[in-house]
1. With N set to the residue count of the range 147-213, report its C-alpha Rg divided by 2.2 N^0.38 Å to two decimal places.
2. In the range 97-156, what is the volume of the convex hull around the alpha carbon atoms, normalised per residue and reported in Å³?
3. Per residue, how big is the convex hull of the range 300-443 when only Cα atoms are used? Give it in Å³.
4. Tell me the mean residue ellipticity at 222 nm calculated for the chain from its helices only (DSSP H runs of n ≥ 4, each -39500 (n - 2.57), averaged over every residue, nearest 500).
5. Between 226, 303, 62, which gets the highest mean-square fluctuation from a Gaussian network model of the chain, Cα cutoff 10 Å?
6. Normalising by the residue count of the range 285-356, find the relative contact order in percent from Cα pairs under 8 Å and 6+ residues apart.
7. Mean shadow of the range 220-359, computed from the convex hull of its alpha carbons, in nm²?
8. Relative contact order of the range 39-190, please, whole-number percent, based on alpha carbon pairs below 8 angstrom and at least 6 residues apart.
C-alpha cells in the first residue's frame, strides 16, 4: 500500500512538472519551424526539386523496351513449316527488344541536369527565407509575452499600493482628518487600478495565445522562460547601416535566390541555343518470330519453339542524325526571349538589393530612435520615482490633496509602462539588425 502511494505521488508530481513546462526562446523557434505548415510545404518542394534532378540524370542513360506479338489465322495463309500458301489454321508471333541512346543533342541533357541541380538550391533558399520570417515572428511574439508579464507585475504593484492607500485613507477619514470625498477618490483610483490589472492579465493571456498558436501547442498551462533583458546596452552593435547591409548580402536567402535566378536564365539560353545543333542518336534492335500450323497433314510436325526462335533471330544497329536547317525562326526568337528573361532576372536582383538596403536603413533608424526613447524613458522614470516619493511624503503630512497625489502617481505608472515598452522595443529592433547580419543568437 505504501509503495502504491509513493508511486501515485511521484506520478502526479511528474504530470504536474510536465504540464508546467516553460518554453525557452530557442525551443519556441525550433518548435515553430518544425510545425509550421508553410515550411512543411516548402520542404516537399525541395524533395520535388530533387526528383527533377533524378529525372534529368536519367536522360544520360539509354532506354530499353521489349515487345511481343501473337496472331491466330484461319483460311488461306502462309504455312511457316511448308513455306506454301495453304488453306489451314496457324498460330504465329514475334519477340523483340530495342534500345535508343542519345549521343549528342546540343548539350541539352547536360544543361537540363545542371539546371535541375540549381532548382534544388533555389528551393532550399526559398525554405530558408520562410524559416527566417517565422523565426522573427516567434522572437517578436515571445518578447511581447515578456513585455506583457512586466506590465502585469507593475499593475499588481499599483493595485497593492492602492489597497494600502484605501486602508490609510479609511483610518484618516475615521479620525476626521480627510473628507469623505477624498476617501471616495482613493477608492475610485483603486478601482481603476484593479481594472487595469484585469486588462493586463487579459493582454498577457492574448500574448501567450498568439505564441502558443505559432507553436501549434495547447494554450492551457503554456508559459515561457523569462529572458534577462536587464538594461540593454546604450551602445549600438553596428556603427552604420552600410556595414549591416554589406554583411546581409552574404547571408540573406532572397539575395542568393535572385543570383540563382540569373544562373538559371543562363541555362535557359543554353537550352534554347541547343536547337541550333544537330541531334545524333544510336539504336539497337533484336527480333525473332515463330509459327505453328494447327492443321498439319499426317506425317508432318511443327519445328520446336526454341528452334524457331534461334533460326529466325535477327539483330541490327543504327544511328540517325537530325540537322536543323530552317524552323521558321523559332529557335532564334526563343534564344532572344531567354536573353531578355536573363535581363529581367538581373533587374530583379538589383531590386532585391535595393529593397534590402532600404529595409536595413529603416531598421537601423528604428534602432537609433528606440535607443533614444529608451534612454529618455529611463530618465523620465527616475524623475517620476523621485517625484512620487516626495508627493507621498507631502500627502502623508497633509500638504497635498488626493487629486494632486493621484496625478503624480498616474505619471509614475505611465513612466513605468513607457520604460517597459521602450526597453522591449529596443531589444527586438536590435535583434532585427543582428538577424540581417546573420548574428542572431537564440537563447
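1. Details: Rg = 15.8 Å, N = 67, 2.2 N^0.38 = 10.9 Å.
Computed over Cα atoms of the range 147-213, the ratio equals 1.45.
2. Values: hull volume 4.4 nm³, N = 60.
In the range 97-156, the Cα convex hull volume per residue is 74 Å³.
3. Values: hull volume 60.1 nm³, N = 144.
Roughly 417 Å³ of hull volume per residue.
4. Working: 10 runs with 293 residues, N = 443.
Calculated from helices alone, the mean residue ellipticity at 222 nm is -24000 deg cm²/dmol.
5. The residue with the greatest mean-square fluctuation here is 303.
6. Details: 28 pairs, mean separation 22.1, N = 72.
Once normalised by length, the contact order is 31 percent.
7. Details: hull surface 104.2 nm².
Convex hull of Cα atoms, orientation-averaged projection: 26.1 nm².
8. Details: 117 pairs, mean separation 33.8, N = 152.
It rounds to 22 percent for the range 39-190.
Laboratory data are not the source of any read-out in this text; all were calculated from the coordinates shown. Note that the structure is predicted; figures quoted are calculated from it, not measured.
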